[in-house]
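Computed from the coordinates by the stated procedures, all read-outs in this text should not be read as laboratory data. Note that the coordinates shown come from a computational prediction; the quantities given were computed from them, not determined experimentally. When we count neighbours, we look across all protein chains shown, and the Cβ atoms used for this are built from the backbone with ideal geometry, even at glycine.
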Amino acid sequence: MVLKDILAISGEPGLFRFIAQGKNAIIVEHLETGKRSSAHGSAKVSSLEDIAIFTDKDDMPLSKVFDLIWDKHSGGSAIDHKSDNESLKSWLSTILPDYDRDRVYVSDIRKIALWYNLLQNLELLVKEKEEKVTEEPASVPEGESGEAEEKPARKKKTSSATPKKK
């Protein structure tokens, strides 16, 4: 899933979209209400793109976890984040069987379900387009390509002279 510019701010409910960078803060827009506000430098702001889930092997990016949830639920809603602890744990184990049960808390699973359902309801979950690997042309020995080598661009000299006073 593409989670670029989607932010979570510690102590603030919901998710936010990055709008602009200010001098001492960032301007964000609440996804549900559309209300714009600023998050000051002292606020802990996390991009969903940078969040990962602990697994027994490597950490799995949240976008990949959202992809797995999307596939499991055929693009529909996930489990309610207010479900009981055991239901949430079993739900995540069906999605991500090798998640680290010692380091992923129930509160983390609640956030995953809440954020997924929020983004799904707002139709902001967009699958990443897989890059297709194209075959490279057969290698040509050096010097026989027939193409001229590109020279680095030269910087133009600019005049920094100021007009003289008379």
Original post:
Alpha carbon centre of the stretch 17-31 versus the stretch 59-80: separation in Å?
Top reply: 27
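Provide the packing ranking of 61-74, 14-27, i.e. peptides ordered by the mean count of other C-beta atoms within 10 Å per residue, highest first. Present the calculation step by step, with values, prior to reporting the outcome.
Details: 61-74: 16.9, 14-27: 14.1.
Top of the packing list down: 61-74, 14-27.
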Original post:
Gain in length, S46 to S93, computed as 0.36 nm per residue apart minus the alpha-carbon separation, to one decimal in nm?
Top reply: 14.4 nm
Original post:
With Cβ to Cβ distances under 10 Å as the rule, what net charge do the other residues near I51 carry (K, R +1; D, E -1)?
Top reply: -3
Subject >> Rg/Rh ratio calculated on Cα atoms of the stretch 31-71 (Kirkwood radius) >> reply: 1.12
Original post:
So how much slack lies between D84 and F18, counting 0.36 nm per residue of separation and subtracting their Cα-Cα distance, in nm?
Top reply: 20.5 nm
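Quick check: net charge around S37, other residues with Cβ under 10 Å of its Cβ, Lys/Arg +1 and Asp/Glu -1? Could the numbers behind the result be given before it?
Numbers: positive: K35, R36; negative: E12, E29.
Value of the local net charge: 0.
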Original post:
Using a simple spin-label model with points 7 Å from Cα along the Cα→Cβ vector, what separation in nm is obtained for D102 and H73?
Top reply: 3.0
Original post:
What whole-number value in cubic angstrom gives the convex hull volume per residue for the C-alpha atoms of the stretch 1-107?
Top reply: 123
Subject >> Neighbour-count ranking [beta-carbon atoms within 10 angstrom, fewest first] of T55, T33 >> reply: T33, T55
Original post:
For the stretch 89-128, rounded, prolate or oblate, judged on the Cα gyration tensor with a ≥ b ≥ c (square roots of eigenvalues), a/c < 1.5 rounded, else prolate if a/b > b/c?
Top reply: prolate
Subject >> Relative contact order [Cα under 8 Å, 6+ residues apart], the stretch 1-125, whole percent >> reply: 21
